[in-house]
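Peer 1: Once you've had a glance at the structure underneath, I'll fire off some questions.
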Amino acid sequence: MAQLPNLPQELRSIQVLVRFFLRMAILMAFAAFGSIGFERSLVALLWMAAILSAIVGALRREPPFDTVLNHWDELMAYTALCSMVIGFIHSVPA
């Protein structure tokens, strides 16, 4: 896949945000049909998305603390959401 070398920073960050929200919509749709329940399915899918973001960020050699959003920022968002869902699972009685 060809990358645009002179893409403005704001546009790259917007692309990452759109990619994140699109993936979240897809993950939530798949979790809704999970046989182990929505919350547990969402946790598993968020973990897989976080691992995928880490692998892609490492393969592309993106700096973790860059001025624009990248795969490492997506990794942090997925892990934060995963922690929030896990906390929700443990706080609500079954």
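Peer 1: Show the residues, 5+ positions off or on another chain, whose built amide H is closer than 5 Å to the amide H of residue 69.
Peer 2: 13
Peer 1: Roughly how many percent of the accessible protein surface of the chain is carbon and sulfur, given a 1.4 Å probe and a whole-percent answer? If you can, show how the numbers build up before the last one.
Peer 2: Working: 4820 of 6760 Å².
On the chain, the fraction of accessible area on carbon and sulfur atoms equals 71 percent.
Peer 1: So for each of 73-80, 28-35, 16-23 I average, over its residues, the number of other beta carbons within 10 Å; can you give me the resulting order with the highest mean first? Let's see the in-between values first.
Peer 2: Working: 73-80: 18.4, 28-35: 11.9, 16-23: 13.9.
Descending mean neighbour count gives 73-80, 16-23, 28-35.
Peer 1: In nm, give the distance between the simple-model label positions of residue 35 and residue 47, each being 7 Å from the Cα along the Cα-to-Cβ direction.
Peer 2: Label at residue 35, label at residue 47, 1.8 nm between them.
Peer 1: Hey, another quick one. If contacts are Cα pairs under 8 angstrom and at least 6 residues apart, what is the relative contact order of the chain in percent?
Peer 2: Details: 68 pairs, mean separation 27.6, N = 94.
Across the chain, relative contact order equals 29 percent.
Peer 1: Sticking with this one: At 7 Å along the Cα-to-beta-carbon direction for both residue 15 and residue 60, put a label point, then send me their distance in nm to one decimal.
Peer 2: The answer from the label model is 0.7 nm.
Peer 1: Same structure again: Could you tell me how many degrees, from 0 to 90 and to the nearest 10, lie between the Cα long axis of helix 38-59 and the main elongation axis, the longest principal axis, of the Cα atoms of the chain?
Peer 2: 20
The values are calculated or read from the model by the stated rules, or taken from the named source; none is laboratory data. These numbers come from a predicted model, not from an experiment. No Cβ is skipped: glycine too gets one built from the backbone with ideal geometry, and neighbour counts run over all protein chains shown. What goes into the accessible areas is simple: the full protein's heavy atoms, side chains included, and nothing from ligands, DNA or RNA. Shrake-Rupley method; radii C 1.70, N 1.55, O 1.52, S 1.80 Å.
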